[in-house]
Amino acid sequence: MKVDWNKKYTTIAVYSLIVIFLSITFYLSVTKFSRLSELTNTFFAILKPFILGFSLAYVFNFVLNFYEEKVIKKIAKRDLKLKQKRALSLVMTYFTVLVIIALFFKFVLPQVADSLSKLLTDFPSIMDQLYAYTNKLVEGLNLSAESKHLFNSRVNEIGKKAVEFATNLMPYLANLFLNVIKSVWNSVLGLIISIYILADKESFFAICKKFISAIFPIKVRNRMLYITRLSNQIFGKFIIGKIIDSCIIAFITFVTLSIAAMPYKILITFIIGLTNIVPFFGPFIGAIPSIIIVLLVDPIKALWLAFIILIIQQIDGNIIGPKILGDSIGISSFWILFSLLLAGKFFGIIGMVIRVPLFAIIYTIIGESIDNRLKKKGLPISKEKYK
């Protein structure tokens, strides 16, 4: 028997089902929040290796392209097939990654751990020297007995908090290290998944493009693909450029601190290089703890360290950074600061790193939309015309 479907009532029925489904979902999410949260955490725990694998594949893809397009093409005596080039470039890419990881664990991490351990071991004697210095300073000033007592009590309070922080720091770091060890299995799985993704990345791109083409209209599909290409261009230049820039700054910092015979130079270099990845605020985030560490040992060298960091960051901001990053962000310093403050408030340090390129993408898309509207109205698109 043929059913005569009424288009009007069919549409009403579909919308009704959607509303009922959403209402039930909302009710369950409110009444069974703890259970829903548990299921969500379990779901993301299962997806974690895949998320890590896609992230690693995205970063390693730049190294893969370098070997595939720049190295293998030049050293190969004959034209190789795509599979052959891909296999060679994969081996070279992951060999490079493993060498970098091995060098980090062999040279950098033990030195950082030793510097941190030495700092924590010397901390009580450093605090005693600080107390003696402040007492001598107070005695030399013409202060009342009440003012001296108040000043000494404040210094003792700060000292107690500093000792408490140093005491709790090592267990915290040990717990952090254990969590890293526990995530090794996910890291290994992520690494394996990234190999499979890079080995057949063209197929993944084709599947995604086929899915988008099937679901969305042609105009929407083209817009989505354009935004994807724009995002890849901005994110790629920014992330790789920042990593290279931070490595160069870390090297310059280490050489300069070695010449200046600065204490805890490995630890300070690690802090400066790592925090330099964060745009705009990175130098301040890295400089403050570094200066405090040296200040506890030698106040004069702390001043020198502040001067050294200032000079290095000026060189980075005016010479090294622009040379490496170029105009990859494409937005002014005001909008960079705005995006960082917004991201730092809601997403922390990770948000501050990725928010700048993300905001640049949104800024570019909105800017293009405004320019297209102005063109349709026959108006100029240059900012100079509106001043």
* Structure fact -> Heavy-atom accessible area with a 1.4 angstrom probe orders 115, 16, most exposed first, as 16, 115
* Asked: Within straight cross-link reach of residue 383, meaning Cα distance under 17 Å, which aspartates and glutamates are found once same-chain residues fewer than 8 apart are removed?
  -> 368, 371
* Cβ-derived FRET efficiency at R0 35 Å, residue 40 paired with residue 118, nearest 0.05 -> 0.20
* At a 1.4 Å probe, what is the % contribution of carbon and sulfur to the accessible area of region 176-328? -> 77
* **Fully extended contour minus Cα-Cα distance, from residue 106 to residue 132, at 0.36 nm per residue** => 5.4 nm
* Whichever aspartates and glutamates have a C-alpha closer than 15 Å to that of residue 210, once near sequence neighbours (fewer than 8 apart) are set aside -> 202
* To do: Take the cross-link list 118/237; 118/160; 70/323; 242/376 and give me the ones stretching past 30 Å between alpha-carbons.
  => 118/237; 242/376
* So, by mean Cβ neighbours within 10 angstrom, what's the order for 245-258, 215-228 with the highest one leading? -> 245-258, 215-228
* To do: Could you work out the local net charge near residue 221, counting Lys and Arg as +1, Asp and Glu as -1, over the other residues with Cβ closer than 12 Å to its Cβ?
  => +4
* Over the heavy atoms of residue 369, what accessible area does a 1.4 Å probe trace out, to the nearest 10 Å²? -> 50
* Structure fact -> Charge tally for neighbours of residue 257 with beta carbon under 11 Å away, counting Lys, Arg as +1 and Asp, Glu as -1, is +2
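The values are calculated or read from the model by the stated rules, or taken from the named source; none is laboratory data. It should be emphasised that the depicted structure is a prediction, and the values quoted were computed from it without experimental measurement. Every residue, glycine among them, receives a Cβ derived from its backbone with ideal geometry; neighbour counts consider all protein chains shown. When the accessible area is computed, the model is the full protein with side chains, heavy atoms only, and any ligands, DNA or RNA have been set aside. Shrake-Rupley method; radii C 1.70, N 1.55, O 1.52, S 1.80 Å.
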